[in-house]
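The values are calculated or read from the model by the stated rules, or taken from the named source; none is laboratory data. Note that the structure is predicted; figures quoted are calculated from it, not measured. Glycine gets a Cβ as well: all are built from the backbone with ideal geometry, and neighbour counts include every protein chain shown. Heavy atoms of the whole protein, side chains included, go into the accessibility calculation; ligands, DNA and RNA do not. Shrake-Rupley method; radii C 1.70, N 1.55, O 1.52, S 1.80 Å.
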Amino acid sequence: GGGGGAAMADGEGLVSVDYEVHGKVQGVFFRKYTQGEAKKLGLVGWVQNTSHGTVQGQIQGPAARVRELQDWLRKIGSPQSRISRAEFSNEKKIEALEHKEFQILK
C-alpha cells in the first residue's frame, strides 16, 4: 500500500468480478446506493435484483477500487439493508472496461 495517485491506476490493472449479496437487500434502495458508491469510486458494471431475493451484478475497474466496493458490499450496503453475506466469483484481469457506466438493471 503506497501513496500512488489515481493517474497511476493503470499500474495495477483492471479487473472484473461478479457478485451476489444475500440478506435483506431488496426494497431498501440497495441498488441505488451500490450505483452511487460505484460511481464515487469510478467503477463500471451493473446491479440488479434477482427473483430469489438477492442482489447481483458485476464490477469492473482498477483492482484497488474494486476491492473497496467489495468491502462495501460485504459490510455496509444501504442504510436499511441487512447483509448476511456477499459472494464474489469469476474474478479476472481485463484489458479494457466492458461497460460505459454503472447501471441499475431491471
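Pick from Ala38, Ala9: which is under 21 Å from Lys92 (Cα atoms), out of contact with any Lys or Arg (no Cβ under 6 Å at 6 or more places or on another chain), among the hydrophobic types (A, V, I, L, M, F, W, C) and at pLDDT below 95?
After applying the criteria, what remains is Ala9.
Taking interchain pairs and intrachain pairs at least six residues apart, which have beta carbon atoms under 8 angstrom, with the first residue in region 45-56 and under 19 Å from Glu91 (Cα atoms) and the second of a type in the set (D, E, K, R)?
Val47/Arg31; Gln48/Arg31; Gln48/Lys106; Val55/Glu20; Val55/Arg31; Gln56/Asp18; Gln56/Glu20
From the residues in region 61-106 that are closer than 19 Å to Val21 by Cα and aliphatic (A, V, I, L, M), which one is surrounded by the fewest Cβ atoms within 10 Å (Cβ to Cβ)?
Taking the candidates together, the pick is Leu105.
Of all the residues that make up region 26-35, how many are open to solvent by less than 40 Å² (accessible area, probe 1.4 Å) and not aliphatic (A, V, I, L, M)?
2
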